[in-house]
1. Scan region C:176-205 for residues that are modelled with pLDDT under 90 and surrounded by fewer than 20 Cβ atoms within 10 Å (Cβ to Cβ) and report the count.
2. Look at region C:531-548 and say how many of its residues are under 12 Å from residue C:482 (Cα atoms) and buried (at least 17 other Cβ atoms within 10 Å of the Cβ).
3. Quick check: is even one residue across region D:272-286 touching a residue at least 60 places away in the same chain (Cβ under 8 Å), buried (at least 20 other Cβ atoms within 10 Å of the Cβ) and more than 14 Å from chain B (Cβ to nearest Cβ)?
4. Sort out which residues of region C:67-83 are in contact (Cβ under 8 Å) with a residue 60 or more places away in the chain and either aromatic (Phe, Trp, Tyr) or under 12 Å from residue C:251 (Cα atoms) (or both), and write them in order of number.
5. Return the pairs, sorted by first residue and then second, in which the second residue is charged (D, E, K, R) and in a helix (DSSP H, G or I), the first residue lies in region D:199-222 and is away from chain A (no Cβ under 14 Å), the beta carbons are less than 6 Å apart, and the residues are 6+ apart or on different chains.
6. Can you tell me which residue among D:113, D:61 is surrounded by fewer than 23 Cβ atoms within 10 Å (Cβ to Cβ) and not in a helix (DSSP H, G or I)?
7. So which pairs qualify, if the first residue must be in region D:1-18 and within 8 Å of chain A (Cβ to nearest Cβ), the second must be assigned to a helix (DSSP H, G or I), the Cβ gap must be under 8 Å, and the two must be at least 6 apart or on different chains?
8. Go over the candidates A:186, A:219, A:196 one by one and state the one that is in contact with a Phe, Trp or Tyr (Cβ under 6 Å, 6 or more places away or on another chain) and either away from chain D (no Cβ under 14 Å) or surrounded by fewer than 20 Cβ atoms within 10 Å (Cβ to Cβ) (or both).
Amino acid sequence: MKETIAIIGGGPAGMEAALSLAGRGYKVYLVEKTDALGGHLARWDRLFPQQDPAQDLLNEMIGKVREADDYIEVIYGTELQYVKRRMRGLEVMLSNQTVLQVDAVLVACGFDLFRAERKEEYGYGIYENVLTSADLERKFKEKKVVCHDGRTPQKVAFVHCVGSRDEKVDHTYCSKVCCVTAVKQACEIKELYPEAEVFNLYMDLRMFDRYFEQMYHKAQSHFGVHFVRGRLSEVSETVDGKILIKTEDTLLGRPMKLTVDMLVLMVGMQACAATAELAEKLDLKVSPSDHFFETKDLFLRGNQAHAKGIFLAGACTGPKSLPDTLQDARSAAESIHRYLTD
Amino acid sequence: MKDFGFGLKKSGVMDLDGIDWTLFREIAAEEPSFMNCFYCGTCTATCSAGKYTGFNLRRLQLLVKRGQWEEVAQRIPECMLCGKCQWVCPKGVNTRHIVMLINKKLHARKIC
Amino acid sequence: MHERFANAFDPFVIPYMIGFVFVIAYLVVALCYVVKQLPLSDKKKMVKHLFSYKIFITVKDIFADCLLHVKIWKKNKLLGYMHSSIAFGWFMLIVVGHIEIFFFAPHRVNLPYYPIFFRYFMMETETTVGGSVFFFLMDFFLLMVLSGIALAMIKRLRRRFFGMKRTTRLKWNDRLGMYALWCIFPLRFLAESFTSHISGGGFLTRGFGMVFDWFNQFINNDALIRPTWWAYSMALMVFFLTLPWSRFTHILSEALLIYMRNAGIRETSKNNGYASVEIYSCSRCGLCLDPCQMVSGASLRQMASVEFTRNIRWGQRAQALEAASYCLMCNRCVQACPVGVNSVQLKLNLKGADIQYRYPHRYDYVESDAANRPLATTPAWANILQSGAETAAVEKTTGDAAPEVVYFAGCMSHLTPGIERSMVRIFKAAGVGYTFLDEEGGICCGRPMMLAGDRIGGEQLMARNTEAILATGARTLVCSCPICYKIFKDTYKLEGVRVLHHTEYLLQLLEAGRITVRKGAETGVYHDPCELGRHAGIYKQPRDVLYRVLNLHTTPYEGKDALCCGHSIAAEGMPYKKRRMIAKDALKKMTEKPVDVVVTACPSCKRAFAEIGTVGIKDIAEIVCEQLVLPQAQPQK
Amino acid sequence: MKLEGKKLIWKDYQKEIPDDKYFYVRSCIRQNMFPASEHYFLKIMREDLGKDVFETEHHTTCGGIGYHCDVIKIETIMAIVARQFALMTEAGYKNYAVSCITSFGLYTEIIHTWQTFPEVLAKTRRQLKEATGREFEIPEHVAHASDIIFKLRNEIAAKAKYKLINKKTGEPLKVVEHIGCHYAKMFPHKGVGGAEYPYVLAGMIEAWGGEIVDYPERRHCCGFGFRQYFVKPNRGYSLSNTHKKFESMEPFKPDMIITNCPGCPMFMDRWQYVIAETEGKTYGENHHGIPVFTYEEVAGLVLGYDPWDLGLQVHQIGPEPVLDKIGIPYDPEAKYKGAAGQDIGKPELPENICCC
């Protein structure tokens, strides 16, 4: 057996990196704090840009991890306690008192979804028909996309950039995936309820990646989704439990109000809760501007942490789409391989 | 009714709950490219009429989608149908047809 | 020859007579209907024409077009033969049949069914010269018709045999009429053949009759005589009864169309009687399908003119309007139509009727522009002439304020600045005093509005431009956009102003020696813009110019057969993707043999092809400008 | 609507409110428009709840109206405010109770400014000293009078004679609360419950038996808007704001409105009359309008004070329907009688709205 690596986080990035490393013959401990692999992917229904079922991808990845059990040992329900530097490599102590002697640590702890309650004026947690994108995704997964009182939604609005590009919540960055997710979910609503009027309230539509623009075009042309350039200002509830929203149609320069049956807040990504603690334990740097881990640089050392033998993959170094996360994980594995064979 | 020398002011807010969605859907059905617009404003910038007036096709299309027909009815008669906008549109919107359809709907609904 | 039956009647003539009476009645009613729709002036024209010498031309035209189908012959010999064999053969059967009556049974002239069923009622007892001549003639024309019918059947099965890629698809009414038509003459042939051992017959009927006679030893052929005559009569009845509701109405209406057209009547409005006759005259021959680039280039078969006329005829207004909004109005179908249906004008009329001049227009800003813009007082060219090296070529500046030329680039040319720039350079090189009327953006010429069917709006714009053009005092108007050119030339009333497209003007400058050009090494083909070519007849001038500046190749798609770029301003309803398909297809066809450059003379065509991006596209003005020989550039000797 | 969600938010917006020993300053508008409210605040505090609330006739306006009408500079205002604080300091108090929310907002803003820019504070101290010879301490706590009532709401509830419950149906009264713009919109953490779902009045209503109505335009301005109301050409906007609020609350069929601010009860009360007289539109049952109260008036009512002693006769929209619903006895004859039983004159009755 070659060298040993501990991976913190059993989401897509952790799993993909584990598979890449296992493929090269390394021993991998995949440390997952919950009792299941998959991270946020496990809670998603379909994946942009081509509506692939998230479950299929997850099953394939978990299947591969299981197949590689000679190399990958998954440790569930544990978190990292501390790391000590040894003569050769690192000693990792887990919360279940297991001690691992490893040669490198890969942090793939991912992201947390923005807590929409923090935008008080959007009424999340107060009005039943205000949901987050994750809530809606769960409804899609459960195949029960209805309002709180069981009605079929006639009008649905999606609010982009909730908790992103917002100095008031100290998230000045773009979360990258919310625009395209909003477009995806808007189309899915129209697929379910073709008669519904669907509105997307956006500031900028960041359709940067492959097939994204086509999705946007289809949302407009095929599904007739309304795109309103304006940020939601406030939300209130009408007497019949609908949601009254106010925004400015900035392309017309006129304020507008609209009552919808369902309001979906596209919550962005934020550094996961464990970031600060991990940073302290592993001697990592956190970016003061976005609170995600900093890498050595953004080019050739994009997976290397400032501390020796510690690597970073996935959305713990800033918002990433799933394809980007998986690529980043493979690239992290390559970085670790180079580090260990140097 | 009394006159106190002041009274209610008309709200500038567009109330999308009170608009007639069918009109705009009709136009979209007759000219599907109506839905393609992403409001880049190229049409407005090249407009022959826009050189002399405030004619703004991007805005008018959006006003139709928001059901604000009064402003549309005021402005649409300024179009000369010259078709420059159609040429420069990056989304292949049949702008001339849309202007004609808007006229048609305005007339059919006796808005103008 | 003598009659077989004293009462000269058999019940099987009844179906035929029903059909016959019906058709006559329909004809009378339809004629009244058409005439009623005509404005008074046109009614007068119709009467006047009857008594003018031109009536002979009309008769000749009807003979040539309706019977001989000369126009179809010119386009497609096999198709021409098919049409004329049926039409002319049938006509001759009727004519000879009547002569036969006059000869052998003059007292039966008043029985309309007699010539139709002649062979049943009359029998040849002994062979006479007269009898055998008629037998021969009748069989000859019957054979002619039968050969035509056979071809028609083949055409339905294998249209490629006729060199046609597409033919019309038929609905039930057309099918019923067509099958009836197909049945009539084979049934007549059978009936006459079966009867031939009694009544006699020519080489065909008697010849086959003898074969049947041989069969007679096994089955009693005589029992088939009356049923076949019945079937013949029934086929005629079905054909006649379906006539007003099938494509075959054209047999009746085409003659009327020719008459009216020669009388000088045109489809001036949607409900004009002439327009109705045109619509009924469409035989759905499908000859307009192949030339139509919507069909060939963009799979928009349902938008073809033949379908448009059908939709109009059957009151499918929405579909007809859609077809009208898709039509490029390139006129290729009009040119292909053997009947001369001007479907493009019909579409324009329909669009106009849809608008009904009800849209309000507000062009008061146009007026204020006229007031604010100094035109003749400080001509733009005055400044241009004072600066730049190119002014060395200027020979003279006229003393008076009026420029020699007023240049109107047009809205579209603003999107192809290369054309404007080239024209300005050429003006300067030629020393032409000019004013650039819409240099800073101008008022639309009005033709796009007209092509959208909006006459009133177009006229308002025309009034403004007329005023502005006349105010310049120039005697020549040069425009770069054929769309503008067409309306300036045909519709504007610009007293004392010559209207030229820049192709014409460039040729004039070259011929007058005011500019000199050198011939480049480039190879190129010329694309005739629809508005300049088919609509305005400017074919020769651009080629005369281009011979001087490049190696001009030819393609099969030139002159009247030129292709449309697909980006016509008329086709407001056609999706961009379809336009692009047409442009791509046209460009591919024109560049089958590779060339360096495709030259055109229309900003729309230029942009359309340039967006495809497979070959260099230049406007004629640009290529002339590139090849200009400026005096100071020549070595001093 | 999920109340738990609001409670989570309220948790984030707690402020420390002392329950005794206050230096009290009045409001310019309230002491003119609703004088009984301030009177009964003091009375309830001192007599019903036995608290020490000190008041001096030497205090002046805070200058807030001039400030928000853009006619007095902030430096001047700071000197005025400093003088009030000097009075408090001289009286030996450290807790400052404010009757007016515009004053409250202004005090909060100025204290925040002083804390952020100590040099400004030093300058104000110097100026006050030079001008008046006084010195001052910044209060330890600045509480709006409603904060104190909020704090003591359960004590009041314990002593209450009436509850905000419809006697006939047993249902809680539906109450619209309006906290006023300057209370928490500028400094959400200085207001009880924050600015989005303020709790200060909601807490009182909850404690006294009523039910809060959460209607879409609850955040909107009452219509005072200093620049709008004081400038006559703009007054239509003031009216339109109020109209917007009433149009929005109408479908919820509220029984009453409780307000926090000096201007709000004034405008929500008077503009109902103007809307009725100019547009013919009335809100509430039987063309009566929706009665508007200050929180002190509501506190007084539940404690069993006489409605006319609480000054409810000066309301444009008569309080009688609410009194009837709760079952508070009142003498219609005494409505326009003064404290000594003298006739204080009857107002002319409007055409389109029923006012008694």
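The values are calculated or read from the model by the stated rules, or taken from the named source; none is laboratory data. All values derive from a computational prediction rather than experimental measurement. Note: ideal-geometry Cβ built from the backbone for every residue, glycine included; neighbour counts use all protein chains shown.
1. 3
2. At the first step, the residues of region C:531-548 found to be under 12 Å from residue C:482 (Cα atoms) are C:531-538.
Among the residues that remain, those that are also buried (at least 17 other Cβ atoms within 10 Å of the Cβ) are: C:531-536, C:538.
Matching residues across region C:531-548 total 7.
3. Within region D:272-286, none of the residues are touching a residue at least 60 places away in the same chain (Cβ under 8 Å), buried (at least 20 other Cβ atoms within 10 Å of the Cβ) and more than 14 Å from chain B (Cβ to nearest Cβ).
4. Within region C:67-83, the first condition is being in contact (Cβ under 8 Å) with a residue 60 or more places away in the chain, and the residues that meet it are C:69, C:71-72, C:75-76, C:78-79, C:81-83.
The answer is C:69, C:81, C:83.
5. Correct list of pairs: D:203/D:153; D:204/D:153; D:207/D:153.
6. Numbers: D:113 fails: not in a helix (DSSP H, G or I).
Checking each option against the conditions leaves just D:61.
7. Correct list of pairs: D:5/A:117; D:8/A:117; D:9/A:117; D:9/A:120.
8. Values: A:219 fails: in contact with a Phe, Trp or Tyr (Cβ under 6 Å, 6 or more places away or on another chain); A:196 fails: in contact with a Phe, Trp or Tyr (Cβ under 6 Å, 6 or more places away or on another chain).
It is A:186.
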